[in-house]
1. Note down all Cβ pairs under 6 Å where the first residue falls in the range 46-70 and is touching a residue at least 12 places away in the same chain (Cβ under 8 Å) and open to solvent by less than 30 Å² (accessible area, probe 1.4 Å), the second is within 14 Å of the ligand (Cβ to nearest atom) and part of a strand (DSSP E or B), and they're at least six residues apart or on different chains.
2. Name the residue that is nearest to the ligand (Cβ to nearest atom), counting only residues in the range 71-81 that are in contact (Cβ under 8 Å) with a residue 12 or more places away in the chain and surrounded by fewer than 17 Cβ atoms within 10 Å (Cβ to Cβ).
3. Check Gln150 against each of (1) buried (at least 19 other Cβ atoms within 10 Å of the Cβ); (2) in a loop (DSSP other than H, G, I, E, B) and name the one condition it does not meet.
4. Got a sec? Which of Leu35, Leu70 is more than 13 Å from the chain's Cα centre (by Cα) and modelled with pLDDT under 90?
5. Could you list, in sequence order, all residues of the range 82-97 that are within 16 Å of the ligand (Cβ to nearest atom), open to solvent by 10 Å² or more (accessible area, probe 1.4 Å) and closer than 15 Å to Leu8 by Cβ?
6. What is the number of the single condition among (1) aliphatic (A, V, I, L, M); (2) crowded, with 17+ Cβ neighbours inside 10 Å; (3) under 17 Å from the mean Cα position of the chain (by Cα) that Ile169 does not meet?
7. From the list Lys20, Lys37, pick out the single residue that is touching a residue at least 24 places away in the same chain (Cβ under 8 Å) and surrounded by fewer than 18 Cβ atoms within 10 Å (Cβ to Cβ).
8. Just checking: which of the strands (runs of 3 or more DSSP E) contained wholly in the range 1-97 hold 1 or more residues that are charged (D, E, K, R)?
Amino acid sequence: MKKKTNILLIYTGGTIGMVKDYKTGALRAFNFEELIKNIPELDQLDCSLKGVSFKEPIDSSNMNPKYWALIASIIEDNYEDNDGFVVLHGSDTMSYSASALSFMLEHLAKPVIFTGSQLPIGDLRTDAKENLITSIEIAALQEKGKPVVQEVGLYFEYKLYRGNRTTKINAEHFEAFASLNHPPLVESGVHLKVHSNYLVKKSMKNKSLIVHKSMDDRVAILKLFPGINKEVVHAVLNIPGLKALILETYGAGNAPMDEWFLNELKLAVKKGLHIINVTQCSGGSVFMGHYETSEKLKEMQLVNGKDITTEAAVAKAMYLLGTGVPDKLFKTIFETSLRGEMV
Ligand code: ASP
């Protein structure tokens, strides 16, 4: 008889498991058992389900690297006994967490699927049931005794995306996420359609999972806008202890050509700050040197973020700094795709 696949649900919080506090009208997290009780359909799935929950489920706006390390530890402790993992998470910071976990879990050979919902599970029109049930089905997909998905994914509204390619694009629509620089890995319709070509290619060598739990938070984001002044730029570039800055530039990686601006950047790079050029556009790529307005950034040796999302750039910078990558190698390693997060 075919062995049932074991799937572990990791409940961190988010709207999916929230109830309305009738006194205040605000949504607050409730516990895992109640969440599961609301989905009797789970009993019909052809896999064996277990659950672990954060002691105090959180709204994902409270997410931080300590919680990421906790999720990573839960996966590490239960890795051998399970064939796949589904992480229930608030949608607000889900793309950051999915990105972070993709870096933290090196040589991952099993699915880790993040999902959540826009409406609480108890709501009549909830999107939670479909999202959760299909995430479990995808996590349980096997081919020749091996998981079909062997990376960190994010499932929402009929699509599984690579987690570190996603961005939350809508605060109301059920279709809350987009992955503009990488196509969906799996689409759910009458059948589950797996796009094998787009999945992370696995090496044939069976390497053991390595879990990196140290994320260095000496990272900041600076988003350019017309009129940004010298005081703001100077203050951010000179934050004491700052190690990496995600510079959100325009279009294909372009920035103003004012001398004061370029000098501020030059000085910061000279002092050892890693400045990563990431586009503000949700789709497309940085192409330094394509326009005059990015030539100087290229000369200055800014790190080329290519088509990475800001969420993945933050996570990758924290991960590389956390693993103690030497300053000299930071640019080269950042510009290399480690988990399919960039071209
Ligand atoms: N504020 C909620 C959270 O991110 C929103 C959601 O779950 O969709 O936890």
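The values are calculated or read from the model by the stated rules, or taken from the named source; none is laboratory data. Predicted model, so just to flag it, every value in this text is computed and none were measured. Note that each Cβ is placed from the backbone with ideal geometry, even for glycine, and that neighbours are counted across all protein chains shown. The area values use the complete protein model at the heavy-atom level, side chains included, leaving out ligands, DNA and RNA. Shrake-Rupley method; radii C 1.70, N 1.55, O 1.52, S 1.80 Å.
1. Phe54/Thr12; Ile58/Gly13
2. Of the range 71-81, the ones in contact (Cβ under 8 Å) with a residue 12 or more places away in the chain are 71-76, 78-79, 81.
Of the ones still in play, those that are also surrounded by fewer than 17 Cβ atoms within 10 Å (Cβ to Cβ) are 73, 76, 78, 81.
Values: Ser73: 21, Glu76: 24, Asn78: 23, Asp81: 28 Å.
In this case the residue turns out to be Ser73.
3. (1)
4. When all the criteria are applied, what remains is Leu35.
5. None; the set is empty.
6. All conditions pass for Ile169, except number (2).
7. None of the other options fit; the residue is Lys20.
8. Ranges flagged: 18-20, 27-29, 47-58.
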